[in-house]
Amino acid sequence: MPRQIVQDDDVSMYSKMLSYENIKEKTTYYGTMFVELCGIYLVWILLHYICAHLYVSWCTPLTFVGFLLSPFVVPAPHCQAFRWIIANGSNSITAMWCTFGTWIAKKITL
């Protein structure tokens, strides 16, 4: 059986295919890692944002009646839950920035 000669075009096409597959694999890997690592922080950011706005509108409305009712509404379970999420969300977001800053500082090479 005669041996087929591989041309340079075939080799470069094959290497492009390998690099495309390599890029696709790495993109999938890093995308999954990003979602796993940052997903919980994105959830905390979303919860913190939503609860901060809900706390203002449900627990301390900006009206005279809201001012009068706030001592009675603020101890309610839903307001306590909002405050808990706001406080712990703030701590988690701060920890996220510290972790991210440390990671960036580690990656910087002089």
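Find all pairs meeting these conditions: Cβ atoms under 9 angstrom apart; at least six residues apart or on different chains; first residue within the range 71-87 and at pLDDT below 95; second residue of a type in the set (S, T, N, Q) and in a helix (DSSP H, G or I).
From the range 71-87, the pairs are Val74/Gln80.
Filter the range 1-53 down to residues that are part of a helix (DSSP H, G or I), of a type in the set (D, E, K, R) and over 30 Å from Thr99 (Cα atoms) and give me whichever is modelled with the highest pLDDT.
Per the criteria, the residue is Glu21.
If you scan the range 53-73, which residues turn out to be surrounded by 13 or more Cβ atoms within 10 Å (Cβ to Cβ) and under 30 Å from the mean Cα position of the chain (by Cα)?
Leu54, Tyr55, Val56, Trp58, Cys59, Thr60
Would the range 49-69 turn up any residue that is farther than 30 Å from Leu37 by Cα, small (Gly, Ala, Ser) and either without any contact (Cβ under 8 Å) to a residue 24 or more places away in the chain or out of contact with any helix residue (DSSP H, G or I) (no Cβ under 8 Å at 6 or more places or on another chain) (or both)?
yes
The values are calculated or read from the model by the stated rules, or taken from the named source; none is laboratory data. Keep in mind it's a predicted model, so treat the numbers as computed, not measured. With ideal geometry, Cβ positions are generated from the backbone for all residues, glycine too; neighbour counts draw on all protein chains shown.
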